[in-house]
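> Could you have a look at this structure, given as structure tokens, before my questions?
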Amino acid sequence: MRPNVNSGFESDQWYAVGGSAALAAGRLMPATVLESELVVWRDSGGTVHAWHNRCIHRGLRMTLGFVDGDTLACRYHGWRYGAGGKCKVIPAHPGMIPPDDFQIPAYAVCEHAGLIWASIGAAGDSVDFDGPGEHLRFCRDLVVRRAPERVSALAKRAIFRPYGDGEDDLIYEHREIAPSVIRIDARSGGDTATIMLAIQPITADRTGVHVLAGGETTDERLHYAAWARRLRWFMENPDAANSSWNPLSIDHS
Amino acid sequence: MTRSGDRAALNGWQVIGRIEDIPPGRTRSTRLLGQDIIARRDPGGTVSVTEADNGNRSLPVQERYGHVWTSLGTPERDLLDMPEFAEEGRRLITCGGITVRTSPLRIVENFLDLAHFPYVHTDILGAEPQTGVEDYKVEVRQPEDEIWATECRFFQPQAAKSASGGQISDYMYRVTSPFVTILYKTCPIRDGMWDLIGLFVQPMDEEICDVHSFVLVFDEANSDEAMLHFQQMIFLQDRSILENQLPARLPLNPRDECAITADRTSLVYRRWLRDKGLSFGAIP
Ligand code: FES
Ligand SMILES: [Fe+2]
């Protein structure tokens, strides 16, 4: 099932699937990790869940369903599933207590550094790296039509212009602070600006990139959002002519 | 994909369009069980059907119940019998084919299902909290070899175009071949009579089909167009579900999906398909 997606992208790792703030209580979203479809949802109490995106009854994608309090309801026959993917209610038989094995496979999920992380294998207890600091915010999710290994390699040479700074005398440092998480520091004089890129292997030729960047003001957020949009374009078109707009331009590194 | 080798599917009668979809002097190219076929109606009105890559072999054809039927094999049985088509005062509305990207067997199974009404046809054919499915009878009738589910009852906010206000509807379901199913529903305006709604599923490939449906009802209040729109609205609601079931093919092993008492018709349908050795659109 996972032919070409590997070389570092193992199922036993945590992968970011989206920004925490983008998933409000009572909402769900689809996500794909290493070809596996997930439904990621937040219950009314604020807890995030990540499950196999398939109802055990007739196989409907759970992403068509809806959140009902602390359960996720399937859109086909209204079966309600609670913590751990356990079936709680079967509306066709209102008095019935569903058997123990009526359960959707649940994946490990956690929230860290403004992102939701899931593992479809046996990852550790929680995402383990130092948070990027209070000043970083969720900027945007990108989907890049390229292989995860390629996107990861390109991310390790991505550069940016800190908000409000000129272009001169910038020194960049790229570090992989956790598997699939790349931190880019740009130093000029005594100041450091940081961007963090969390790579999500979607399929063999599709990769998610979740961008955290500075964002005190609207202008600053727009500055980094525009950078992220360019990053995506140049990742998909790495042979495009060099331009000073190219976040992957060799000249700048 | 090439033509199926599934004898149980090949030897049945399948619908390939409505009668009016193949007017005199015209041809219609379509697909059946993985095989491209061409249907022609000569100016005199006779329909002939051949495989697209073999114009020499004429396939059997008949026109009945508003539709054109053919078979790639040798039909072992007659077409299903629906005597209601000869009854005075009924109106026939044929809805035309709607393409759905899933197994033809998933289509039939969805049609046999009461429990989805409150969630897929919300406030029309069902609504929370009236979600309970009462016990009903289901059997395979011999010698017809047809599945019948009877004594099905369900609360419906707007059971048909002609219904005003909620009612308990009585249903019977009938499956006459792997791809043909009929629903009998209490007629809201004639005591003791049944309205018919039927699906003739045209299996094109294992995960794509055209669904031809009809309504045969007593109804004096609504136009054909209004009834057609009602049926299409209902079916488009089903389609959004049907194209999102994983896997698209119907698993015939009862352990592959979790079933409950309300699913007995579907369990009988799957076992009946397995007993026939039907594999087109199925996971054995
Ligand atoms: S398919 Fe999900 S409740 Fe039936
Ligand atoms: Fe339906």
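The values are calculated or read from the model by the stated rules, or taken from the named source; none is laboratory data. Note that the coordinates shown come from a computational prediction; the quantities given were computed from them, not determined experimentally. All Cβ positions, glycine included, derive from the backbone under ideal geometry; neighbour counts span all protein chains shown.
> When only residues in the range B:124-157 that are within 16 Å of B:ILE260 (Cβ to Cβ) and part of a loop (DSSP other than H, G, I, E, B) count, which is farthest from the other protein chains (Cβ to nearest Cβ)? Before the answer, list the steps.
Just the residues of the range B:124-157 that are within 16 Å of B:ILE260 (Cβ to Cβ), to begin with: B:131-136, B:138, B:149, B:152, B:154.
Now drop any that are not part of a loop (DSSP other than H, G, I, E, B), which leaves B:131-136.
Numbers: B:THR131: 4, B:GLY132: 5, B:VAL133: 4, B:GLU134: 10, B:ASP135: 10, B:TYR136: 12 Å.
Looking at the filtered set, the residue picked out is B:TYR136.
> Also: If A:THR32 satisfies every condition in (1) away from chain B (no Cβ under 14 Å); (2) more than 16 Å from ligand 1 (Cβ to nearest atom) but one, which is the exception?
(1)
> Just to verify a result, which residue in the range B:220-255, among those that are acidic (Asp, Glu) and surrounded by fewer than 14 Cβ atoms within 10 Å (Cβ to Cβ), is farthest from the other protein chains (Cβ to nearest Cβ)?
Let us first name the residues in the range B:220-255 that are acidic (Asp, Glu), namely B:220, B:224-225, B:238, B:243.
Now drop any that are not surrounded by fewer than 14 Cβ atoms within 10 Å (Cβ to Cβ), which leaves B:220, B:224-225.
Numbers: B:GLU220: 35, B:ASP224: 31, B:GLU225: 29 Å.
Among those residues, the one meeting the criterion is B:GLU220.
> Which of (1) farther than 21 Å from B:GLU146 by Cβ; (2) of a type in the set (A, V, I, L, M, F, W, C); (3) in the same structural domain as B:GLU206 (by TED's automatic domain parsing) does B:ALA86 not meet, given it meets every other one?
(1)
> State which residue is nearest to ligand 1 (Cβ to nearest atom) when the search covers only the range A:84-130 and only residues that are in a loop (DSSP other than H, G, I, E, B) and of a type in the set (D, E, K, R).
Of all residues in the range A:84-130, those in a loop (DSSP other than H, G, I, E, B) come to A:90-102, A:104-105, A:113-114, A:120-130.
Pick out the ones that are also of a type in the set (D, E, K, R) and you get A:100-101, A:125, A:128, A:130.
Details: A:ASP100: 17, A:ASP101: 16, A:ASP125: 31, A:ASP128: 36, A:ASP130: 41 Å.
Residue satisfying both the conditions and the ranking: A:ASP101.
> Would you confirm whether any residue within the range B:96-108 is in the same structural domain as B:VAL217 (by TED's automatic domain parsing), of a type in the set (Lys, Arg) and not in a loop (DSSP other than H, G, I, E, B)? Step through it out loud before you land on a result.
Applying the first criterion (in the same structural domain as B:VAL217 (by TED's automatic domain parsing)) to the range B:96-108 yields B:96-108.
Going one step further and asking which of them are of a type in the set (Lys, Arg), we end up with B:101, B:106.
Imposing the further condition that a residue be not in a loop (DSSP other than H, G, I, E, B) reduces the set to B:106.
Yes, the range B:96-108 has at least one match.
> Does B:GLY44 satisfy being surrounded by 13 or more Cβ atoms within 10 Å (Cβ to Cβ) and over 19 Å from the mean Cα position of the chain (by Cα)?
Numbers: surrounded by 13 or more Cβ atoms within 10 Å (Cβ to Cβ): no; over 19 Å from the mean Cα position of the chain (by Cα): yes.
The answer is no for B:GLY44.
> For residues in the range A:52-64 being at the interface with chain B (Cβ under 9 Å from one of its Cβ atoms) and among the aliphatic types (A, V, I, L, M), which is farthest from A:ALA22 (Cα to Cα)?
Of everything passing the filter in the range A:52-64, A:ILE56 is farthest from A:ALA22 (Cα to Cα).
> If the Cβ limit is 8 Å and pairs must be 6+ apart or interchain, which residue in the range B:101-128 that is in contact (Cβ under 8 Å) with a residue 40 or more places away in the chain and of a type in the set (D, E, K, R) pairs with which residue that is more than 13 Å from ligand 1 (Cβ to nearest atom) and part of a loop (DSSP other than H, G, I, E, B)?
Correct list of pairs: B:ARG101/B:GLU207; B:ARG101/B:GLU243; B:ARG101/B:ALA248; B:ARG106/B:ALA248; B:ARG106/B:ARG249; B:ARG106/B:GLY281.
> Same structure, new question: Would you tally the residues in the range B:46-72 being at pLDDT below 95 and assigned to a loop (DSSP other than H, G, I, E, B)?
1
Each row is one residue, and each column tells you yes or no for (1) away from every other protein chain (no Cβ under 12 Å); (2) under 25 Å from the mean Cα position of the chain (by Cα).
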site: A:PHE66; (1), (2): no, yes
site: A:THR71; (1), (2): yes, yes
site: A:CYS74; (1), (2): no, yes
site: A:ARG80; (1), (2): no, no
site: A:ALA83; (1), (2): yes, yes
site: A:ILE90; (1), (2): no, no
site: A:GLY95; (1), (2): no, no
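> In the range B:167-284, which strands (runs of 3 or more DSSP E) lie fully inside it and hold 1 or more residues that are among the acidic types (Asp, Glu) and over 25 Å from B:ASP6 (Cα atoms)? Working first, answer last.
Details: elements: B:167-177, B:180-186, B:194-205, B:208-217.
Passing ranges, in order: B:167-177, B:194-205.
> OK, next. Go through the residues of the range B:135-144 one by one and say whether even a single one is more than 20 Å from the chain's Cα centre (by Cα), in contact (Cβ under 8 Å) with a residue 60 or more places away in the chain and more than 19 Å from B:PRO203 (Cβ to Cβ).
yes
> May I ask you to list the residues in the range B:123-166 that are on the phi > 0 side of the Ramachandran plot and either hydrophobic (A, V, I, L, M, F, W, C) or away from ligand 2 (no atom under 16 Å from the Cβ) (or both)?
Within the range B:123-166, B:ASP145, B:GLU151, B:GLY165 meet the criteria.
> Can you work out which of the residues in the range B:87-122 that are of a type in the set (A, V, I, L, M) and more than 11 Å from ligand 2 (Cβ to nearest atom) is farthest from the other protein chains (Cβ to nearest Cβ)? First the steps, then the outcome.
Step one: list which residues in the range B:87-122 are of a type in the set (A, V, I, L, M), which gives B:92-93, B:98, B:100, B:105, B:107-108, B:112, B:114-115, B:120.
Okay, now just the ones that are also more than 11 Å from ligand 2 (Cβ to nearest atom), so B:92-93, B:98, B:100, B:105, B:108.
Details: B:LEU92: 30, B:ILE93: 27, B:ILE98: 19, B:VAL100: 15, B:LEU105: 12, B:VAL108: 13 Å.
Applying the filter and picking the extreme gives B:LEU92.
> What number of residues within the range B:90-135 are among the acidic types (Asp, Glu) and within 15 Å of ligand 1 (Cβ to nearest atom)? Spell out the reasoning first.
First, pick out the residues of the range B:90-135 that are among the acidic types (Asp, Glu): B:109, B:113, B:123, B:128, B:134-135.
With within 15 Å of ligand 1 (Cβ to nearest atom) added as a condition, the list becomes B:109, B:113, B:128.
Total satisfying the criteria: 3.
> Being within 13 Å of chain B (Cβ to nearest Cβ) and surrounded by fewer than 20 Cβ atoms within 10 Å (Cβ to Cβ) is the filter here; which residues of the range A:37-51 pass it?
Across the range A:37-51, the qualifying residue is only A:GLU37.
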